[in-house]
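Heads up, the thing below is written out as structure tokens.
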Amino acid sequence: MVYALPVSVDDPLVGRELEGFTLGERIGAGATGVVYRATREDSGQVFAVKVLNEALGHIQSLRRRFEREARALGKLTHEHIVHIADFGVVDDIVFIAMEYLEGDTLEDRLQEAPVDAPLALHVMKQILDGVAFAHDLQIVHRDLKPANVFLVERPGEPLPDVKILDFGLAKFLSIDELSQEGTLTRKGRVVGTPAYMAPEQITGVSLDVRADVYAAGIVLFELLADRRPFDYDRRSQLLRAHLFEPLPKLADIRPELEVDPELEAVIRKALAKDPGERYPDARAMYDALQPFGPGAVRMAGDRERDHQRSRAGTTSVVISAEERVKLSTMSDPAAPPTVDAEPPAPLGTLPPEPPPSAAKATAAQEKGRSAAGRGWVTALVWLVGLAGLGGLAGLAWYATTLR
């Protein structure tokens, strides 16, 4: 079902024509723009048109980049990726027209109830198939999550078709951020969703297609366990868990679940802290999942469990370059002076406490150095919420934008 927002009489774009697309009712709105149901004048066909942040149209360098990146994303013609039909800039209005879909997001589905194993494996294989096509073109999604996976029901078919949304938006906004006044801000920020961010994405290490593999691993774990492996209300704890906490077993989260050990091994490989230990791309993970059918996941008895899925960390945010440096070094500007400063802990290991002063070093060491995280930076600034559309239950689609 398509859910539409009430049409505002004050919206000057309702009824506006943009290169052959007549904008109708609003069907979504978020920090990056407003989404309209639109009709193509020459054919009468319905499209989804997203009008991006108005500041984009006022900066020539961003307009040129938008056009270049949109052309590249226009090559993503795949059955599991939402199709870009057109794009343009009219009177400083930047827009993207895409196929119009009816259904709901995977995020909405997960909020309603746990999904069963056949649906979980079906959806994940289609996600990986679409992402693999993009990886073949050297395009990284960078913000893969249930809110960016759309499920389209097929008449007479028991399982839906998957359409991946929002390809490339995170990269575009990471390079040239816009302030509220429409001016360029400092470069070096990254956009992502904390619950699904790979360790290297958090710390600012060079990012490639393996970050999408990590996000896919989180999604698959969540589909099977009905909870993400790292699930904290505090953002600082959540990001720290991606960097240092060991991955729990599925049965630790959902005891009634019996999972083929080889399937669990696929998930563990996808979620390796070190990108070099993951699958090299989505195609490799897709191939690894092919042998597994619904029988790879079984429920022990009919035990019921509460379905209380947290939405903490599921909204896209921007992390500044300065914050990335702090996260990668795990330094605490408020920590007392230390003796013999230690190097940052490698990914996948818990960082020790800040070294004590020389006078107390021996006593402190006797107490142990396993209390991790006292050097953790908790003041993570959330500058932009890019997934405002994700909060609308049953939203028909979410705009695919720039790489």
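For this structure, a couple of remarks:
- Criterion: assigned by TED's automatic domain parsing to the domain that holds LEU119, at pLDDT below 95 and surrounded by fewer than 21 Cβ atoms within 10 Å (Cβ to Cβ) - qualifying residue of ARG240, ARG254: ARG254
- Only a single item in (1) modelled with pLDDT of 50 or more; (2) surrounded by 14 or more Cβ atoms within 10 Å (Cβ to Cβ); (3) among the aliphatic types (A, V, I, L, M) is not met by LEU178, and it is number (1).
- Test set (1) touching a residue at least 60 places away in the same chain (Cβ under 8 Å); (2) surrounded by fewer than 24 Cβ atoms within 10 Å (Cβ to Cβ); (3) not aromatic (Phe, Trp, Tyr) - LEU224 fails condition number: (2)
- Flag if LYS269 is under 22 Å from THR203 (Cα atoms) and assigned to a helix (DSSP H, G or I): yes
- Cβ-Cβ contacts under 8 Å between residues 6 or more apart (or on different chains), taken from a first residue in the stretch 258-272 that is under 17 Å from ALA282 (Cβ atoms) to a second residue that is of a type in the set (D, E, K, R), are listed as LYS269/GLU277; LYS269/ARG278; ALA270/ARG278; LEU271/ARG278; ALA272/ARG278.
- Single condition ASP91 does not satisfy, out of (1) buried (at least 18 other Cβ atoms within 10 Å of the Cβ); (2) over 15 Å from GLY33 (Cβ atoms); (3) in the same structural domain as PHE21 (by TED's automatic domain parsing): (1)
- Cross-chain or 6+ apart pairs with Cβ under 6 Å, the stretch 107-123 first and assigned by TED's automatic domain parsing to the domain that holds PRO291 and hydrophobic (A, V, I, L, M, F, W, C), then part of a helix (DSSP H, G or I) and at pLDDT 90 or above: LEU110/PRO146; VAL115/LEU223; ALA120/LEU223; ALA120/LEU224
- Of all residues in the stretch 205-234, those satisfying the criterion of being more than 16 Å from LEU257 (Cβ to Cβ) and aromatic (Phe, Trp, Tyr) are TYR214, PHE230, TYR232.
- Qualifying residue in the stretch 284-297 (condition: modelled with pLDDT under 95 and either in a strand (DSSP E or B) or within 22 Å of the chain's Cα centre (by Cα) (or both)): yes
- Of the residues making up the stretch 94-130, those that are among the small types (Gly, Ala, Ser) and surrounded by 19 or more Cβ atoms within 10 Å (Cβ to Cβ) are ALA97, GLY103, ALA117, ALA120, GLY130.
- In the stretch 77-87, the residues that are farther than 16 Å from VAL35 by Cβ and touching a residue at least 24 places away in the same chain (Cβ under 8 Å): HIS78, GLU79, HIS80, ILE81
- Verdict on PHE133 being in a strand (DSSP E or B) and either crowded, with 20+ Cβ neighbours inside 10 Å or in contact (Cβ under 8 Å) with a residue 12 or more places away in the chain (or both): no
- Residue among GLU157, GLU102 that is more than 25 Å from GLN201 (Cα to Cα), touching a residue at least 60 places away in the same chain (Cβ under 8 Å) and assigned to a loop (DSSP other than H, G, I, E, B): GLU102
The values are calculated or read from the model by the stated rules, or taken from the named source; none is laboratory data. These numbers were taken from a predicted model, which means no experiment stands behind them. Glycine gets a Cβ as well: all are built from the backbone with ideal geometry, and neighbour counts include every protein chain shown.
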